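Contents: one structure, followed by commentary.
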């Protein structure tokens, strides 16, 4: 096929909602991948669903299976609304590529789990679905993450030397001949959790953080965590955040001081990853790109140029790339890089659900 029409779905650890994109992928005249974003939308989770997702890692097997099915129905409703409101011909869609929502991520003991039932989505939309992109890499001995680097390498590499995404966690990709990528540190997730306790969805532009006092002792403890001593092919999950990171931050009584200290920690860890490379231009996406104070603190620790793209790319890059992973799956081409994940070999990740 010369072009592919794909709907991409992304539900990240920051739990902002379900990102939906309709993207067309095609080869340019010089045989490089190009894409056009046709429509985008983010559907926030209602309060009940949001609480279920926040509590999902503590559910019983039966409860988690129920949530998997109900989330599949929620995804289905949003997709059908998206298709109807944008007058998209269902028959023109080659596939829906869904990241799902991560509940458990434990590559150290051999598994990862993303919910949002693919069979439910396929049956209820009438469009075939590809999901469960991370599992095969785990079986091959990898981290199952990050998966976006294949997109950085084949879709975005002309834009910069390195690609930083600040979502629930912060990760970076260096798309050289041997692509390297890894999770750096927590990102929006702990910041949003503190803002939620203050009745806010997030710390808008980092204003609250900028008013807080830096706790140097806690900052030193965070920067000394064992995770930061690891080299490439490393990933983070909410389990680590809850058991290792948060108990240290909770020693600070003031929410604003917590925000300030976490922001400084994030900026230092990101800058160290940048400075340890030869990257001169850093392309930043994810919700953290809108956190002006965080960006200013990263700039304070690195001389590399920070590039903030357009809002569509900032907000939907991950959904775009998962749509691209779906294209690679359909073509029988590698979509998960072992140089990134530490797996024994490159793999074609994903499970196909027929309509």
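The values are calculated or read from the model by the stated rules, or taken from the named source; none is laboratory data. Since the model is a prediction, treat every value here as computed from it, not as a measurement. Neighbour counts are summed over all protein chains in view; Cβ atoms, including those assigned to glycine, are modelled from backbone coordinates with ideal geometry.
For this structure, a couple of remarks:
- Counted residues, region 242-274 - those being in contact (Cβ under 8 Å) with a residue 60 or more places away in the chain, buried (at least 18 other Cβ atoms within 10 Å of the Cβ) and closer than 15 Å to residue 193 by Cβ: 6
- Every listed requirement among (1) modelled with pLDDT of 95 or more; (2) more than 14 Å from residue 286 (Cβ to Cβ); (3) within 19 Å of the chain's Cα centre (by Cα) is met by residue 339 save one, (1).
- Residue check, residue 289 assigned to a loop (DSSP other than H, G, I, E, B) and surrounded by 19 or more Cβ atoms within 10 Å (Cβ to Cβ): no
- Pairing residues of region 316-333 that are free of Cβ contacts under 8 Å to residues at least 24 places away in the same chain with residues that are surrounded by 24 or more Cβ atoms within 10 Å (Cβ to Cβ), at Cβ distances under 9 Å and at least 6 apart in sequence or on separate chains, gives 333/327.
- Region 86-116, residues that are without any contact (Cβ under 8 Å) to a residue 40 or more places away in the chain and farther than 18 Å from residue 137 by Cβ: 87, 89, 90, 91
- Looking only at region 240-273, residues that are within 19 Å of residue 149 (Cβ to Cβ) and either touching a helix residue (DSSP H, G or I) at 6+ places or on another chain (Cβ under 8 Å) or not assigned by TED's automatic domain parsing to the domain that holds residue 189 (or both) come to 2 in all.
- If you go through region 305-342 and keep only what is in a loop (DSSP other than H, G, I, E, B) and crowded, with 17+ Cβ neighbours inside 10 Å, you end up with 335, 337, 342.
- Residues of region 37-58 classified as more than 30 Å from residue 89 (Cα to Cα) and in contact (Cβ under 8 Å) with a residue 24 or more places away in the chain, total: 5
- Residue 277 surrounded by fewer than 18 Cβ atoms within 10 Å (Cβ to Cβ), on the phi < 0 side of the Ramachandran plot, more than 21 Å from the chain's Cα centre (by Cα) and part of a helix (DSSP H, G or I): no
- The set of residues in region 210-239 being modelled with pLDDT of 95 or more, in a helix (DSSP H, G or I) and more than 16 Å from residue 267 (Cβ to Cβ) consists of 211, 217, 221, 226, 227.
- Qualifying residue in region 119-130 (condition: within 19 Å of residue 239 (Cβ to Cβ) and crowded, with 23+ Cβ neighbours inside 10 Å): no
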